[in-house]
Every structure is written in C-alpha cells, then in structure tokens.
Amino acid sequence: MFAKKLHLLLFLLLVLALGVFGSAAQDDMMDSPPGFDSWDDVVAAADGMTVNWYMWGGSDRINDFVDRTYGIPLMEEYNVTLNRVPLADTVDAVNQVLSEAEAGVEGDGGAIDMIWINGENFFTLKQAELLYGPWAESIPNSVYVNWDNPALNLDFGRPVDGYESPWSGAQFHFIYDSARMSADDLPRSYAELGDWIAMNPGRFSYIAPGPGAFQGTRFVKQALFEVSGGQSQWVGEFNQELYDQHAPALWDMLNSWKDNLWRGGETYPATIGEMHELFANSEIDFTITQAISGAGAPIAAGTIPPTSRAFSFHENMIGDFNYVAIPYNAPNKAAALVLADLILRPDRQAEQVVPENGFGLAFGIDVSRVTDPDDVAALEAAVNSLGEAAADPADLAASLVSDIAAEYQALIEADWEAKVLQG
C-alpha cells in the first residue's frame, strides 16, 4: 500500500510540473458556447448528428481507443455518431479548411467538425480567423481544466484564448531494452549520448525533423536547449538573434555524430513506428515515446520487446498538451462541443492513461478538481496501471520543460535538412 501511494505521489508531482494542477475551482457560472443559449441547447441540437473528427490515423491502437472510448458513449448517451476521419498529417485538415475559406464556404457548410491539432496548425487557423469560438471554457467539464496555467493556456507560445480544448498531456523521453543494457549505463544528457554513440557505432538514430515529424524536431530542439545553456532563455517571443547565436553549435554536435549513427547517418527513420521496428529488430538500442505509460503501450501492442523500459534525460525533456479545435464552418458544431466535453470527463481521462487501452498519454485535466469518489477511484487505478515499463515520474518531472514559439519549428527543420542531412 505504501509503495502504491508513493507511486501515486510521484505521478502527481509529474502532472503538477506539467501544469495540470490548479488551486481554486472555477466559477459555476459560465457563458454558453457561441450560437447557443445554454448547454442544454447544445445537447438538444447535437441529438442525431454525426461529428466528423479529423485526426492523425497512423496508430490502429489509438484509432480503436477513440472509437471505443468516445464513439460508444457518444451514441449511447447523446445519440451522436462519431465519424473518425484518419489523416496522414494534420496539415491536410488545415489545408482543407483554408481551401474552404478561399472558396467562401461559410456557416455550417464545411466538412470538418473537429481536429486533433498541434501548435503550428492551431496558430495557422487562429491567425487566419478560421476557428469557431471562443468555446473551450464554456463546456461543463472545463471546470476540471486549470486555464490559469501558462503551460495550458499557451500553445507553442501562442495564447489559446478559448479556441481549443485540451485532451491529454505528453512528454518526450526514451525507451531502452533492459535485456540488452543496464540502467546504470544509460546516457542522461545529449553530451553523454554523444559519448555513447561514439562508443557504440551504428546503434543510434533519431527521427528526421520535418513537417509531420514533430518528434524528430523536438529531439533536435532539446539538443539546442542543452548546447545553448538551457531552455528558459528560449521562452517567449521568437528571437532570431538568439537562434543565430546558438544554432551553429547544434549543427556541429549533430554532424559530429553522423559517421557513428545507424547507416552512417545517410538516412534517418521517418516515424516512431519505424523507430520501434528498428529497436525491436535490434538494429538500434533506443526508441522514443511521448506517453506517460512509457514502453507500456507498444509492449502491449507487441511492437517492442516486453523487457523494454522508459527513461528520461536529467534536463530539457519537452512536455505539452494535445488539443482539439473546431473550424469556423463546422457543419455539426453542437456534436463537436459534446465530444470535446466528453473528452474531459474524468472517467474518460482515466481510460487514456492505462497502457493496455492503447493511448497512454497523461491527464489533460487538473485531477485535484475531481471530487466524485468513483471518478477519483478510476483516476487512481489508472495511475497504478503504469507499471515498470514507465519512466520514473520523478525523473520526468525534474527534466520537464515547455515547448517554445512556433517559428523555431520550421526554421530548425529547414536548417537541419540543409546543414545536417545534406551538409
């Protein structure tokens, strides 16, 4: 019992660091979403609708999780049909909304009701005024969200302003195979990783940064934090001079690794799936994860060895939130609002943490605001399901940093291709 409580405490320290804990509860009174007189009005309008959720579809387990965890209660409780529309890249949905706007498609004439969206794409649509809202603080279960926390009300350094709602939390870290390597021999910084690569030629690679491969960009961005002396100076508005000052050291470091990378650095994995495959085939010794469950979900899926374990560097591991947004011309806005609200319901939040359920990301809500005994029990059970395949929550909490302004993303991707891949 003591070990279980300790595990829970450490996990709660992690989500505290992620910024999902708050203090005072929100007011019971809230405005209705735009275009509706009350939440009852929203639910009544949603009855019989189909909600077209456009989302990355590259994981069968996540797809199944979404259909089961949200699709079933949507139909049973609200008579709403979930139509999950799989995307190769979220930018495809963004481009569709942009095309509809250019064609003058207004009102409820669009094709997309909701998007699982990242910071870059959110900023594109928000800047173009192509999102419905503000609505995110007007749905009932938003009372569980700590909107005062900058880690949540900013996305890639840009204000959310009620135009997107959180789904889950995530943090970059690594996976190794405990049957091949001792935890005592793991690198815990980029400097130590460079030494490890030199001593183990051909055994490491990372995802090529680029559009649709944010994990690779994130890996490089974290390296930039280390070579520049820390992440804190990068928080705030985009700073070209700061980037120009420190980027050369980043490319020097990554280029110094190339000859000792997998396939001599001539090619790089394109996705986490490819990383997992190379890791499972023992071609490389590390893969990556964004999930609080660490190695748990891919172990359960049979894609990596059961002896796999997650770990973190001591510093500069980027953590953030996943969000959903509603386009300005969504045809079924009421159904999208009902789905966004369901996502935040504590029992659904608990489901996403359990590794066997196939999603494995952390809470998007402030669990300290949950008081219903059944919901509290579900959240605690989810935490206790993480097991030994997950990284030490205290390590994750200690290493956590936020992401930075979206302008750095494209710049790093273009410069990496020019100065490392082709350099």
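Values in this text are rule-based calculations from the coordinates and carry no lab data. On a predicted model such as this, the values are computed, not experimentally measured, just so you know. Cβ sites come from the backbone with ideal geometry, for glycine too, and all protein chains shown count toward neighbours.
Okay, here's what the table says:
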| quantity | calculated |
| --- | --- |
| Exposed GluC sites (Glu not before Pro) absent - longest run of the chain, DSSP non-H/G/I/E/B, at most 16 other C-beta within 10 Å | 130-236 |
| Segment Ser282-Leu242, extension gain: residue separation times 0.36 nm, minus the distance between their alpha carbons | 10.5 nm |
| Difference of contour (0.36 nm per residue) and Cα-Cα distance, Ala128 to Ser99 | 9.2 nm |
| Assigned charges on the beta-carbon of Lys, Arg, Asp, Glu; segment 120-254 dipole about Cα centre (debye) | 340 debye |
| Cα-based helix-to-principal-axis angle, 240-257 vs the chain, degrees rounded to 10 | 50 degrees |
| Length-normalised contact order for segment 136-287 - Cα pairs under 8 Å, 6+ apart - percent | 28 percent |
| Prolate/oblate/rounded label for segment 138-197 (Cα gyration tensor, a/c 1.5) | prolate |
| Met181, Met199, Met275, Met49 arranged by Cβ crowding within 10 Å, fewest neighbours leading | Met199, Met181, Met49, Met275 |
| Loop-located trypsin sites (Lys or Arg not before Pro) in segment 313-421 whose Cβ has at most 13 other Cβ within 10 Å (DSSP) | none |
| Charge dipole (debye, nearest 20) of segment 203-272; +1 at Cβ of Lys and Arg, -1 at Cβ of Asp and Glu | 380 debye |
| Shape call, segment 37-116: gyration tensor on alpha carbons, a/c limit 1.5 | oblate |
| Relative contact order %, segment 309-423, counting alpha carbon pairs below 8 Å whose residues are six or more apart | 41 percent |
| Linear extension gain, Asp252 paired with Ala179, 0.36 nm per residue minus alpha-carbon span | 23.0 nm |
| Segment 76-166: C-alpha gyration tensor shape, a/c 1.5 cut-off, then a/b vs b/c | oblate |
| Mean separation of Cα contacts under 8 Å, 6 or more apart, over the residue count of the chain: relative contact order % | 28 percent |
| Cα-centre dipole for segment 57-104 with unit charges at Cβ (Lys and Arg positive, Asp and Glu negative), debye to 20 | 120 debye |
| Residues Val324, Val80, Val51 arranged by fewest to most Cβ contacts within 10 Å | Val324, Val80, Val51 |
